[in-house]
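These notes concern the structure reproduced below.
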Amino acid sequence: MKRVTLLVLAVLAALLAIPTAPATSADPFSKTTLHFKVLVGPTGTQVCDVIGDVYVPATASATRRVPAVLTTNGFGGSKDDQGAAAAALASRGYVVLSYSGLGFGGSGCAITLDAPDYDGKAASQLVSYLGGATGIAFVDKAHTQPAPALDVVQLDARDHDGVARANDPRVGTFGGSYGGGFQFAVASIDARVDALVPVITWNDLSYSLAPNNTAQTTGVSTSVPGAAKLVWALGFSVIGVSSDLINQQVPPDLLPCPNFAAFVCPALITAGATGYLQPADVAHLRGRSVASFLPAIKVPTLLVQGERDTLFNINEAVATYRALQAQGTETKMVWQLGGHSGDGAPGEVNWTDPASGYVSGRVLNWFERHLKGRAVGTGPEFAYFRDWVPYTGSAGPAYATSPTFPVGQQRTWRLSGADALTTGTATAGRQTLLTPPAGLPTRLDELDVLGSKVGPVTSLVTDLPGTFAAWSTAPLTTPLRVAGSPTVRLQVSAPGAVLTQQLGPAGQLVLFVKVADVGPDGKAHLINGLEAPVRIADATKPFTVQLPAIVHEFAPGHRLRLVVAGGSINYRGGVTPNAVTIASGAAQTLTLPVVP
């Protein structure tokens with residue numbers, strides 16, 4: 001168990017932080033490490049020490065002021081993780097403050113999952129420091145030796161609410177994963193922030209940690225609890241405890257939840273035992289999610305999300321994008337290859353030469369336009385990486401672009417006969433599967449968190465016989481290319497679940513829906529490890545499943561397969577076993593957004 005824990009810790013540290021390289025003495029900027037005294041909490045009276053590095057371009061001065069960028073680490077990381085991006089931006093005329101988030105990398109206080117009252121308020125005070133405020137920055141951790149005020153950052157006359165504010169810098173924010181969530185937290189409470197670039201981050205943490213891909217009400221948020229992600233939850237817990245030890249925290253901080261806000265550990269334990277989050281825990285998690293404070297996000301936002309991501313899948317960025325667009329906030333979206341569950345492609349990100357990487361170039365231009373006011377293009381409204389397109393150098397040629405979102409034409413297949421998918425007339429047939437007791441998995445192959453770090457990724461769909469139902473097309477004669485979220489409409493017969501669902505979520509039917517690519521060898525591969533848990537409140541009624549978005553080419557000779565399984569190794573399934581029958585018919589469909 002000790003070896004497994006250490007492995008999970010090492011892998012998560014690699015996955016949840018943005019890899020970077022340190023600055024060198026030859027860089028055209030200075031770098032100073034400071035401690036910041038910030039006041040957080042609902043009453044703003046809890047003192048936290050935040051450690052950060054301040055990068056100042058050599059050309060910046062009180063008479064030649066420049067914009068600033070505020071950035072922080074992914075979960076389990078530190079200020080150092082942003083070193084390469086910070087150096088690249090400082091070399092291009094930005095003051096950069098890269099800091100360790102609360103509870104990580106030498107910064108004090110507990111991990112609150114980017115709550116506005118904590119991480120948002122901390123970041124807001126760092127914004128004030130960038131704007132020239134005193135009494136925040138210190139040379140020492142004890143906050144006894146004040147650092148000189150920063151007087152080289154460009155100031156704005158008014159914030160985005162039209163209010164004249166003291167210490168209002170021209171400042172953008174940048175970061176990935178946990179370093180993406182802080183951006184929404186600070187922008188929701190501080191109208192001085194001018195531009196956001198959140199990378200591979202969440203819309204609704206209750207969906208991220210226990211998704212339900214049916215009964216969705218707004219964006220990815222649902223009215224019915226989802227299925228708890230077991231392995232990701234374990235990984236977060238290990239990271240939180242390890243950060244506690246790194247920061248030399250001592251009891252009573254160890255109780256009731258090591259280095260976390262008090263609700264986190266009980267929430268994860270209860271979800272692991274029952275399979276779903278309790279209503280109070282859903283409320284806590286949504287209170288730390290942009291889904292709850294979207295109306296307060298008013299500044300230009302470039303969303304970057306990963307196609308290889310089973311933690312914060314693409315649907316989260318889509319939910320944020322659509323909501324910001326609907327309220328008139330300037331927003332663009334990029335789907336890069338790399339995410340929490342797999343590496344990116346060559347030529348996507350290059351902080352040594354940002355313009356040579358498609359995504360790093362988009363980030364740089366976003367800041368050039370919205371912080372420096374330069375007349376540079378910020379790229380198309382929507383772009384997505386296609387792994388079937390060959391290229392050398394920049395990944396730009398592999399990106400398809402569009403002036404609108406979504407893209408593609410909807411194409412629908414019907415469940416037909418015993419096990420077929422057809423675009424023609426459906427014929428009668430049915431399949432029956434059994435969901436296992438106690439939420440046990442039906443396949444024992446690939447773990448979400450470990451992914452390719454443990455061994456070669458096979459993504460084989462290997463559910464045990466009798467625990468799944470599947471329907472496939474005939475071998476394709478031309479490429480089938482998909483960019484977006486598959487939609488499945490089903491009605492099932494599950495008499496046992498109809499009896500137990502009156503007991504609430506614990507008695508409701510839980511299924512796992514996925515789209516697979518079947519090669520000529522007959523082996524079915526899950527696409528980027530993505531599947532859709534559904535907890536069905538009423539098994540007597542039809543339901544719609546919104547699967548995580550994919551970008552994938554089904555090659556000629558391959559087959560498209562829809563799989564409905566009774567369990568998953570990465571989630572806690574339904575507690576009660578059920579026999580589930582799915583009949584073929586015109587109303588039972590799979591719809592895909594098909595692109596050229």
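Quick note: the coordinates plus some simple rules give every number you see, no bench work behind them. Since this is a predicted model, take the numbers as computed values, not measurements. Ideal geometry is used to build each Cβ from the backbone, glycine not excepted, and the neighbour counts take in all protein chains shown.
Which trypsin sites (Lys or Arg not before Pro) in segment 41-79 pass both tests, a DSSP loop state and at most 13 other beta-carbon atoms within 10 Å?
Arg64
Which trypsin sites (Lys or Arg not before Pro) does segment 116-177 hold that lie in a coil by DSSP with at most 14 other beta carbons within 10 Å? Provide the component values of the computation, followed by the final result.
Values: sites: Lys121, Lys141, Arg158, Arg165, Arg170; in loops: Lys141, Arg158, Arg165, Arg170.
Answer in residue order: Lys141, Arg158.
Sequence gap at least 6, Cα distance under 8 Å: using those rules, report the relative contact order of segment 454-558 to the nearest whole percent.
Working: 170 pairs, mean separation 43.6, N = 105.
Relative contact order, segment 454-558: 42 percent.
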Using only Cα atoms, find the angle between the long axis of helix 230-246 and the longest principal axis of the chain, and express it within 0 to 90 degrees, rounded to the nearest 10. 20 degrees
With a 18 Å threshold on alpha-carbon distance, the violating pairs from Lys229/Lys514; Lys298/Lys332; Lys121/Lys229 are Lys121/Lys229
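If I take R0 = 60 Å and measure r between the Cβ atoms of Ala164 and Leu503 in this structure, what FRET efficiency does the formula 1/(1 + (r/R0)^6) give, to the nearest 0.05? Could you put the intermediate results ahead of the total?
Details: r = 58 Å, r/R0 = 0.96.
The formula returns an efficiency of 0.55 here.
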For segment 40-51, in order, what is each residue's ³J(HN,Hα) by Karplus, 6.51 cos²θ - 1.76 cosθ + 1.60 with θ = phi - 60°, in whole Hz (x at glycine and Pro)? 10, x, x, 9, x, 10, 7, 8, 10, 9, 10, 9
Could you tell me the center-to-center distance, by alpha carbons, between segment 201-219 and segment 346-367 in angstrom? 30 Å
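How big, in percent, is the set of alpha carbon pairs in segment 409-595 lying more than 24 Å apart? List each step's numbers first, then the result.
On the way: 6211 of 17391 pairs.
Counting every Cα pair in segment 409-595, those more than 24 Å apart make up 36 percent.
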Alpha-carbon spread of the chain, three principal axes, descending order, Å: 78, 53, 45
For Leu97, Leu39, Leu433, what's the fewest-to-most ordering of other Cβ within 10 Å of each Cβ? Leu39, Leu433, Leu97
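Taking 35 Å as R0, compute the FRET efficiency from the Cβ-Cβ separation of Ile569 and Leu476 and round it to 0.05. Provide the component values of the computation, followed by the final result.
On the way: r = 29 Å, r/R0 = 0.83.
That pair, Ile569 with Leu476, gives E of 0.75.
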Mind ranking 286-294, 566-574 by how tightly packed they are, going by the mean number of other C-beta atoms within 10 angstrom, highest first? 566-574, 286-294
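In debye, nearest 20: dipole of segment 409-595 around its Cα centre with unit charges on the Cβ of K, R (+) and D, E (-)? It would help to have the intermediate numbers written out before the result.
On the way: 14 positive and 10 negative charges, 64 e Å.
The calculation lands at about 300 debye.
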Report, to the nearest 10°, how far helix 264-274 tilts away from the longest principal axis of the Cα atoms in the chain, using its own Cα long axis and a range of 0 to 90°. 0 degrees
In the chain the DSSP beta bridges are antiparallel at a rate, in percent to nearest 5, of 75 percent
Placing one equal point scatterer on each C-alpha of segment 488-596 and summing with Debye, one gets log10 I(q)/I(0) at q = 0.21, 0.22 Å⁻¹ equal to -1.18, -1.25
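Using DSSP to define loop residues, name the GluC sites (Glu not before Pro) in segment 254-341 whose beta-carbon has at most 16 other beta-carbon atoms within 10 Å. Kindly include the intermediate steps, with their values, before the conclusion.
Working: sites: Glu307, Glu316, Glu330; in loops: Glu307, Glu330.
Taking segment 254-341 and a limit of 16 other Cβ atoms within 10 Å, the loop GluC sites (Glu not before Pro) found are Glu330.
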